[in-house]
Structure formats: C-alpha cells, structure tokens
Amino acid sequence: MTTRSCLLSVLASLTSLPLAAEEPLSRIAFGSCANENRPQPVWEAINELKPQLFVFTGDNVYADTADPVKLRASYAKLSEIPGFAALRAAVPIVGTWDDHDYGKNDAGVEFEGKEAAKEAFMEFFGTPEDSPLRQRGGVYDAKIFGPEGKRVQVILLDTRWFRGPLLTMSKDELKAARAATGKPVGRYLPDTESESTMLGEEQWKWLVDELKKPAELRLLVSGIQVLALDHGWEKWDNLPRERKRLLDVIRDNATNVVILSGDRHSSDISLLPPETDGGPFYPLYDITSSGLNQTGIPDEPNRFRVAGDRVYNEPNFGWIEIDWDAEDPALKIEIRDLKGKVVREVQTTLNTLQPCQL
C-alpha cells in the first residue's frame, strides 16, 4: 500500500462514523478558522459538551498553497492535534472550505491550485473514491440526520470554486477610506453591475433541489457571511445580485433555515427580520463562529447584530441545542468561549422559523 493510499484509508476510517438513523441530532458544534500551526485548546471544551456532530464552516486549515504536498501536510498536522483527534474519533465531522484551505486568500474561480486543494480536502474528510462529489466541481454537499419529524439537514455551500471577480477599491480609494474613518477598512465594494456568480449554475440548481427535500431544521453553511452589509471584507453582499438570489431561493423553497458562517476572525449573531424587503418572511439568523484559534478583529459594524453590542473576538465555537420534546421544538444557538462558557446566544423555535400563518 502506498503512503497516500494508507493515509486515505486511515482518514476514511476516522471520518465515516455514522450517526444512528433513528437518533435525532440534539447537540451540534461548529466552527471555523483553525490555524494548524498554533495551539488549539478549544477542542477540550467542545469534547466536554459531547456533540453528536461537528461542522467545519471553512478555513479548516491555513495551507495557503497550491502545493499538494503542503496541503496534505497541513491537514495531517490538524489531524494530529490530540483534542481534534479525540473529537474525530467520537463523532461525525462534515464541512466546507473558505479561502485558506482552498489555497489562497480571497481566491475564487481563477485559483490555479483548486484541483489539488479539492483532492486534499476529499482525503481529509474521507470521501470515497467513487463518490459523486469527486466527479463534479467544488466541494458542496448535503446530508440529512435523524428520523422523520426530527430531521436536520446540513447544506454545505462552496463559495470559492465558482465565484467570479470582486470589485476592489483602488489604492487611493482605500487610503482615503481609511483616513476618513481612522480604522482598518475592507478592500471590497458591492458590485451592483456584476454578472459574477457566487455558486455557479450547477450548484444553484443543486441547492434548490436540496431545499425541497423534507427536513424539520436546515443548517445552511457558508464560508463567508450572508447577511452582513456594513463591512468591506468578503461577504455575499460583494455580489448583491447573488445575495438577493440566495434570499429568494430560501424564501421560495424552504422554511426553518439557519445560516452558519465563518471567515471573519470574530463571532457575531445576525438576524434578518421577517419584514425585511426581499427576505424569506420568517426570521433568518446568520451565526458567525470565527475562529477556533484565529481571532483579533476588534469590532466592525453590523446593522443586523442581535446578541451583544460588538463582535466576540476571542477563540470560540458555535453550539446548537435542540429540544425535540417541546411542543414547539426549541433551539438554543450560542457562541461559546475556550472554557465552554456562553458569550453570545439567541433562542428560537421551529414554528418561529416559518412565515406567520394568518
């Protein structure tokens, strides 16, 4: 057996842990931005809570390379971290990527190393050689956990593989913006004229089909924030037509959607109120957990923030707890710190995540 085949075999055995089909998901942990070259004590708190599933929302490693050998080395280093290894041995792990595990900061469709990045990603997550995921572009995927009446659908979007160019400030514009605010300013502007795609037509069609499948709760995972409008870094609103298209697709095809995102090196909870023009006519949350060990953004504006008066910028992870036994199943959605303490939270119910019935 070759070294690569041996690695694939080991990773597949570690990532194929099944969740019993009749066991409802009640405890879900998630997170992003895990630099494998730095300590990751956060896994201890996650393991203590005994999640039934862990969801990576992107930047799972900081490879930043098109070199296949270096990509695999980054994933191998993450795999060897004791706390992560313990979690991986105990629960299923699913995920998507963002830019640093894709291979280049802020990269999209143009990145020349994406095929190598996908191969390393598939190996890490133990994707079988004959899986349809290996035959199509990107790493988007979806899974449904739990029995009928208590189903949780996890939809993992790929916002890198197909994403077209973004509108970037010139150096002079960026300098002027920073001088005006006295703070770091993101380099991107909403491109209202752009025909760039975020997901690509193949993935858009797939998403609509997935949202039509029966499920009681849907976790829509995006590496970058969906609801944010006010900062100038990467987000869906860099391509406003695509953001609107996503909200339209959610509105027209599914209820009970909660968005999980990462990327920002700080955590935030956003809510698009049901009366918002273009929204899905029910409360839509975007829970940004970032990062597992990459943090430091002091604050940034967010008109949709609903928990705390600023971002949380220490190491953290996201936590969802579902009480399926309640008459109206209840959700606790939280950001927790290194010790597992709740630092941001919202509570809702499945009936609340639906249009009002008059």
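The values are calculated or read from the model by the stated rules, or taken from the named source; none is laboratory data. Just so it is clear, the model here is predicted, and its values are computed rather than measured. Backbone-built Cβ (ideal geometry, glycine too); neighbour counts: all protein chains shown. Ligands, DNA and RNA are excluded from the accessible area calculation, which covers all protein heavy atoms including side chains. Shrake-Rupley method; radii C 1.70, N 1.55, O 1.52, S 1.80 Å.
Below is a table of values for the structure above.
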item	result
Hits in the range 251-275 - residues which are open to solvent by less than 10 Å² (accessible area, probe 1.4 Å) and either part of a helix (DSSP H, G or I) or in contact with a Cys (Cβ under 7 Å, 6 or more places away or on another chain) (or both)	G262
Residue match in the range 67-88 (condition: under 17 Å from V139 (Cα atoms), in contact (Cβ under 8 Å) with a residue 60 or more places away in the chain and of a type in the set (A, V, I, L, M, F, W, C))	no
Checking R38 against (1) buried (at least 17 other Cβ atoms within 10 Å of the Cβ); (2) closer than 23 Å to G223 by Cβ, the condition it does not meet	(1)
Elements of type helices (runs of 4 or more DSSP H) in the range 86-199, at least 3 residues being within 17 Å of D263 (Cβ to Cβ) and modelled with pLDDT of 95 or more	99-102
Residue count, the range 52-72 (criterion: within 23 Å of T295 (Cα to Cα) and not polar (S, T, N, Q))	10
When residues of the range 71-103 are limited to those that are touching a helix residue (DSSP H, G or I) at 6+ places or on another chain (Cβ under 9 Å) and among the basic types (K, R), the one farthest from E36 (Cα to Cα)	R88
Any pair with Cβ under 9 angstrom, 6 or more apart, that starts in the range 246-269 at a residue that is without any contact (Cβ under 8 Å) to a residue 12 or more places away in the chain and ends at one that is in a loop (DSSP other than H, G, I, E, B)	D252/P280
Failed item in (1) within 25 Å of V42 (Cβ to Cβ); (2) in a loop (DSSP other than H, G, I, E, B); (3) not acidic (D, E), with Q347 passing the rest	(2)
Test: residue in the range 228-235 that is touching a residue at least 60 places away in the same chain (Cβ under 8 Å), among the hydrophobic types (A, V, I, L, M, F, W, C), touching a helix residue (DSSP H, G or I) at 6+ places or on another chain (Cβ under 8 Å) and open to solvent by less than 30 Å² (accessible area, probe 1.4 Å)	yes
The range 138-175: number of residues that are closer than 20 Å to H100 by Cα and open to solvent by less than 50 Å² (accessible area, probe 1.4 Å)	14
Of all residues making up the range 182-221, the number that are free of Cβ contacts under 8 Å to residues at least 12 places away in the same chain and open to solvent by 80 Å² or more (accessible area, probe 1.4 Å)	5
D328 in contact with a Leu (Cβ under 7 Å, 6 or more places away or on another chain), free of Cβ contacts under 8 Å to residues at least 40 places away in the same chain and not aromatic (F, W, Y)	yes
Residue in the range 234-250 that is aliphatic (A, V, I, L, M), closer than 20 Å to W97 by Cβ and either in contact with a Phe, Trp or Tyr (Cβ under 7 Å, 6 or more places away or on another chain) or not in a loop (DSSP other than H, G, I, E, B) (or both) present	yes
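Yes or no, residue by residue, for (1) part of a loop (DSSP other than H, G, I, E, B); (2) within 21 Å of V342 (Cβ to Cβ); (3) at pLDDT 95 or above:
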position: M1; (1), (2), (3): yes, no, no
position: C6; (1), (2), (3): no, no, no
position: V10; (1), (2), (3): no, no, no
position: P24; (1), (2), (3): yes, no, yes
position: R38; (1), (2), (3): yes, no, yes
position: F54; (1), (2), (3): no, yes, yes
position: L78; (1), (2), (3): no, no, yes
